[in-house]
Amino acid sequence: MAPPIPVLFRSDIQSKYSKQLSDPEKYDCQLKSLTQHQCTFKVTPDRSRPPEIICLPFKRIFQSCLVPTVVKENGKKKTINRRVNIEITDKSTNSELMDENSEQANVVQDFLNAEKEFRKLMEMESEGNI
């Protein structure tokens with residue numbers, strides 16, 4: 001499971017954490033990564049076989065940095081350093097997934113096809129056509 005972090009636009013991240021991202025050593029930033037999986041079902045329209053689960057792995061990258069934070073302690077404000085995970089994943093992080101010559105190319109295509117068919121099946125079912 002991904003670390004609990006707010007979902008922000010890249011521009012918001014750059015604005016809010018520009019100091020940490022521009023000087024990671026000063027803020028004791030540590031590079032962290034994880035592999036997450038997006039899964040879908042490959043189903044047959046007549047449901048003659050159990051659905052096949054297809055999962056597509058993708059990387060997420062974070063800078064875990066110490067960020068000065070003001071807290072109240074005994075009624076007084078004080079500044080402490082709190083570790084914050086800043087997501088720095090960008091479109092190049094998973095670019096190998098989109099490379100037609102990569103090892104993952106077939107898995108990606110199977111996933112996209114299965115997702116498309118699964119959506120169609122769910123729409124048909126919700127409309128009462130199945």
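The values are calculated or read from the model by the stated rules, or taken from the named source; none is laboratory data. Fair warning: this is a prediction, and the values are worked out from it, not measured in the lab. For neighbour counting, all protein chains shown are included, and Cβ atoms are generated from backbone atoms with ideal geometry for every residue, glycine included.
Select from the stretch 102-117 the residues that are crowded, with 16+ Cβ neighbours inside 10 Å and either touching a Lys or Arg at 6+ places or on another chain (Cβ under 6 Å) or closer than 14 Å to CYS39 by Cβ (or both) and list them in ascending order.
Residues satisfying the conditions are VAL108, PHE111, ALA114, GLU115.
Considering the stretch 26-38 alone, what residues qualify as being assigned to a loop (DSSP other than H, G, I, E, B) and either surrounded by fewer than 13 Cβ atoms within 10 Å (Cβ to Cβ) or at positive phi (or both)?
LYS26, ASP28
Working only within the stretch 8-25, note down all residues that are in contact with a strand residue (DSSP E or B) (Cβ under 9 Å, 6 or more places away or on another chain) and not in a helix (DSSP H, G or I).
Once the filter is applied, which keeps residues that are in contact with a strand residue (DSSP E or B) (Cβ under 9 Å, 6 or more places away or on another chain) and not in a helix (DSSP H, G or I), the stretch 8-25 yields LEU8, TYR17, PRO24.
Quick check: is even one residue across the stretch 80-95 under 23 Å from the mean Cα position of the chain (by Cα), among the β-branched types (Val, Ile, Thr) and modelled with pLDDT under 90?
No, that holds for no residue.
Please state which one of THR35, THR44 is over 24 Å from VAL7 (Cα atoms) and of a type in the set (Val, Ile, Thr).
Just a single option satisfies the conditions, and that option is THR44.
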